[in-house]
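Below you'll find the structure, written out as structure tokens, and then a few comments.
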Amino acid sequence: RQDSGRGEPKTLWGSSEPRPPAAGPGQASPQQRTETLGFYESDRGRKKKRSLPDLSLLRFISAELTRGYFLEHNEAKYTERRERVYTCMRIPKELEKLMFFGIFLCLDAFLYVFTLLPLRVFLAMFRFITLPCYGLRDRRLLQPAQVCDILKGVILVICYFMMHYVDYSMMYHLIRGQSVIKLYIIYNMLEVADRLISSFGQDILDALYWTATEPKERKRAHIGVIPHFFMAVLYVFLHAILIMVQATTLNVAFNSHNKSLLTIMMSNNFVEIKGSVFKKFEKNNLFQMSNSDIKERFTNYVLLLIVCLRNMEQFSWNPDHLWVLFPDVCMVVASEIAVDIVKHAFITKFNDITADVYSEYRASLAFDLVSSRQKNAYTDYSDSVSRRMGFIPLPLAVLLIRVVTSSIKVQGVLAYVCVVLFYCGLISLKVLNSIVLLGKSCQYVKEAKMEEKLFNPVLTATPGKPAGKQQGTFKSTQGISTDENGSTSVTNQPVHQKENMPSLLVTSNSDQFLTTPDGEEKDISQDSSELKHRSAKKDLLEIDRFTICGNRID
């Protein structure tokens, strides 16, 4: 029917809504569905009413107290967390073993300057004087090692006499008159300057040694031995003055009444943690940092010795004053050890580096010592330590000799006898230290399975291409990263032929300090397309203190 007013069709129920469709065969009618829905809703309401008393505060607290979970469902994650904790617990032991070995390596190179170097210079001068008696059997007047020894001795003597024109007392009072903030800034600047001048100083010394011993038949492209010698003398003198200012600043901090400067200088070590632990490190970068920490700790020990000598001289060598200095010395040493442990623990944690890597670092340092003792070694061990750790013993030795000679007065025959006995004691200590280090180094090299590297010849250069561009890979049995450039380790020994020695000295990769030739990278990318998107990995034996590796130089 049609509605008279609106003209809209109406349903049987009197509304304008469409009529529900009829139920098909086997389906419930709309009325039946409505009744069923109402039944379920009423049943749900009864269940809700029945469960409301169960959601009480007491039931919630009971559920929170008795709720359980299963850690074994994520076993890999928690196992990794536990291994990280164990790694952090192992870091102090492994790090101190590396530090202990490295400090004795630095001590061996440092004692060499006072003990064996004067004797080697005397033998070289004796050979040079008596050479006409034996005739010119060789084209060389002196062997290359003897020339380097004489140069080191002459530089040491000249710089020692130049240091007499530097007034230590005037420098002490000049620094003491400055404010605490100025001294803190000065000490930080001295640390940065020491690292920069060390990196350039070893290049100067190496350039002098090679210029003085370069074969005559080779084409010489240098400015001469004399300019290189004066540059080396100037470097050692300036570096010795720099270390003297560091020692004087530390002495002022020890003698200050409120110890505020000493506290600020010690807090500077903890600032080093902030600048290191939150940066990405690889194995090679950590190796550089470890060598730097070894050198820094040994240098601090020598600086503390200088401070104690100067203070004992001012108090007429009163033994009671030594116990006054002892707490401050222990505090400085303890803070240095604590900072190194915390820094290395968090670096290894954040970069997923195991504690076993310090054993590899120790084996690399031991390999340097063993290879330098071979008959056909191409570098002196003290120079190898200088390149590896950045520790150059000549400036520190000049300063220590200057301080000792000015603090201790030698008068009388008995005093000179004591000096001779002391020198014999230093020689005995040097020989004993060298024997123990050599035995331990052989043990570490054997444990790392690196003996075969001692007898592998260095790859010679092909015509038109340097030796560093030779193809092929050299794999280490220890699992150390392989050099993709195809060059062997820097500590591999040269072959016995004399005609190959000049080329080996020129193309050795041990002298790559602050720069890497761009041409080598381009040649590698042209030779192999697989190396275009991969960064070159360096063997630990090819990483020295001043080599760019990864993203930083510490």
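Got a sec? Which residues in the range 229-269 would a label at Tyr165 touch, if it sits 7 Å along Cα→Cβ and we count backbone N under 19 Å?
Flagged as within label range: 229-245.
With r defined as the distance between the Cβ atoms of Arg373 and Thr66 and R0 fixed at 45 Å, what FRET efficiency is calculated, to the nearest 0.05?
On the way: r = 69 Å, r/R0 = 1.54.
For Arg373 and Thr66, the calculated efficiency is 0.05.
Let's test this: bin the Cα-Cα distances of the range 224-379 at 10 Å from zero up to the farthest pair and state each bin's percent.
Going from the shortest bin to the longest, the percentages are 9, 27, 27, 26, 11, 1.
Students often check this: by mean Cβ neighbours within 10 Å, which of 65-74, 264-273 ranks highest, and how do the rest follow?
Result, highest mean Cβ count within 10 Å first: 264-273, 65-74.
Given labels modelled 7 Å from the Cα in the Cβ direction, how far is it in nm from Phe200 to Ser428?
Here the modelled spin labels are 4.4 nm apart.
I need the fraction of alpha carbon pairs in the range 335-423 separated by more than 21 Å, rounded to a whole percent.
Pairs farther apart than 21 Å: 62 percent.
Would you mind getting me the FRET efficiency between Leu174 and Phe122? Use the beta-carbon distance for r and R0 = 56 Å, nearest 0.05. Can you show the working numbers first?
On the way: r = 39 Å, r/R0 = 0.70.
So the FRET efficiency works out to roughly 0.90.
Distance cut-off 18 Å, Cα to Cα: go down the list Lys274/Lys349; Lys279/Lys343; Lys274/Lys295; Lys279/Lys349; Lys216/Lys375 and report the pairs above it.
Lys274/Lys295; Lys216/Lys375
How large is the Kirkwood hydrodynamic radius of the range 76-452, counting all unique pairs of alpha carbons, in Å?
23.0
Could you please state how large a percent of the accessible area of the range 76-452 is carbon and sulfur, counting protein chains only and using a 1.4 Å probe? Mind dumping the intermediate values first?
Values: 13040 of 18830 Å².
Carbon with sulfur: 69 percent of the solvent-accessible area.
Go through the range 387-400 residue by residue and turn each phi into a ³J(HN,Hα) via Karplus (6.51, -1.76, 1.60, θ = phi - 60°); whole Hz please, and just put x for glycine and proline.
Per-residue couplings from phi come out as 6, 6, 10, x, 9, 10, x, 4, x, 5, 5, 4, 5, 5 Hz.
The values are calculated or read from the model by the stated rules, or taken from the named source; none is laboratory data. The shown structure was predicted, so the numbers you read here are calculated from the model rather than taken from an experiment. Every residue, glycine among them, receives a Cβ derived from its backbone with ideal geometry; neighbour counts consider all protein chains shown. Side chains included, ligands, DNA and RNA excluded: accessible areas come from the protein's heavy atoms. Shrake-Rupley method; radii C 1.70, N 1.55, O 1.52, S 1.80 Å.
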